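J.: Have a look at this one.
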Amino acid sequence: MASRALWASRAASYLRISVFHRGFSTVLKDLKYSDSHEWVKVDGNSATIGITDHAQDHLGDVVYVELPEVGASVTQGDSFGAVESVKATSDVNSPVSGKVVEVNEELNNSPILVNSSPYEKGWIIKVEVKDTEELNNLMDPEGYTKFCDKEDGNH
């Protein structure tokens with residue numbers, strides 16, 4: 001009984017925090033999204049990549065993130081690592097092609113950041129983008145929201 005009450009209060013405090021930070025939207029405006037639920041934020045030819053709030057919600061608590069090596073090449077649509085949760089292991093695909101210039105080492109000690117802060121502290125890699133034209137293959141926030149609704153059967 002006590003563990004159920006603790007779980008409920010943890011869930012309530014998590015919900016309060018997420019609502020406080022992001023309003024009711026789990027899709028950020030200045031990002032592009034892939035149909036495999038990764039996000040990318042591009043600044044010049046530098047791209048930060050992670051998995052979406054929608055993806056982490058479906059995965060459940062993340063227990064391990066497999067990171068690529070700095071210097072590795074990534075290709076749009078291809079896997080560069082994996083996220084392991086209590087429910088499943090899921091490949092993480094790159095929304096853009098390029099070279100890995102940084103990996104989020106914090107995830108080695110705190111993989112749960114992918115859940116608690118998917119768009120900020122839970123980023124996975126930073127890439128030097130080879131071709132910014134590839135961004136045209138990705139969804140904008142509105143397109144991604146519709147895609148998730150359809151996938152979840154809320155059309």
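No lab work stands behind these numbers, since they all come straight from the coordinates. Please read all numbers here as calculations on a predicted model, not as lab measurements. Positions of Cβ are backbone-derived with ideal geometry, glycine not excepted, and every protein chain shown enters the neighbour counts.
J.: Within segment 53-93, take every residue that is polar (S, T, N, Q) and without any contact (Cβ under 8 Å) to a residue 60 or more places away in the chain and give me the one that is nearest to Pro141 (Cα to Cα). Talk me through it step by step, then tell me what you get.
T.: Kept after step one, since they are polar (S, T, N, Q), are these residues of segment 53-93: 56, 73, 75-76, 79, 85, 89-90, 93.
Narrowing further to those that are without any contact (Cβ under 8 Å) to a residue 60 or more places away in the chain: 73, 75, 79, 85, 89-90, 93.
Details: Ser73: 26, Thr75: 22, Ser79: 22, Ser85: 25, Thr89: 25, Ser90: 22, Asn93: 18 Å.
Here the answer is Asn93.
J.: Among the residues of segment 129-145, are any surrounded by 15 or more Cβ atoms within 10 Å (Cβ to Cβ), within 14 Å of the chain's Cα centre (by Cα) and hydrophobic (A, V, I, L, M, F, W, C)?
T.: no
J.: Out of (1) among the basic types (Lys, Arg); (2) touching a strand residue (DSSP E or B) at 6+ places or on another chain (Cβ under 6 Å); (3) assigned to a helix (DSSP H, G or I), what's the single condition that is false for Lys126?
T.: With (1) among the basic types (Lys, Arg); (2) touching a strand residue (DSSP E or B) at 6+ places or on another chain (Cβ under 6 Å); (3) assigned to a helix (DSSP H, G or I) applied to Lys126, the lone miss is (3).
J.: With the condition kept exactly as written, say whether any residue in segment 117-134 is closer than 19 Å to His58 by Cα, hydroxyl-bearing (Ser, Thr, Tyr) and free of Cβ contacts under 8 Å to residues at least 12 places away in the same chain.
T.: Yes.
J.: Specify the residue that is farthest from Thr145 (Cα to Cα); the eligible residues are those in segment 38-60 that are assigned to a loop (DSSP other than H, G, I, E, B) and touching a strand residue (DSSP E or B) at 6+ places or on another chain (Cβ under 6 Å).
T.: So the first thing to find is which residues in segment 38-60 are assigned to a loop (DSSP other than H, G, I, E, B), and the list is 44-45, 52, 60.
If we keep only those that are touching a strand residue (DSSP E or B) at 6+ places or on another chain (Cβ under 6 Å) too, we end up with 45, 52, 60.
Numbers: Asn45: 26, Thr52: 11, Gly60: 20 Å.
The selected residue is Asn45.
J.: With the structure loaded, tell me whether Gly50 is surrounded by 22 or more Cβ atoms within 10 Å (Cβ to Cβ), closer than 23 Å to Asp140 by Cα and not polar (S, T, N, Q) or whether it fails that test.
T.: Working: surrounded by 22 or more Cβ atoms within 10 Å (Cβ to Cβ): yes; closer than 23 Å to Asp140 by Cα: yes; not polar (S, T, N, Q): yes.
Yes.
J.: Right, here's the next one. In segment 98-119, what residues are among the aliphatic types (A, V, I, L, M) and either buried (at least 21 other Cβ atoms within 10 Å of the Cβ) or farther than 16 Å from Pro68 by Cα (or both)? Outline the logic, then answer.
T.: Initial filter on segment 98-119 (among the aliphatic types (A, V, I, L, M)): 100-101, 103, 107, 112-114.
Matches in segment 98-119: Val100, Leu107, Ile112, Leu113, Val114.
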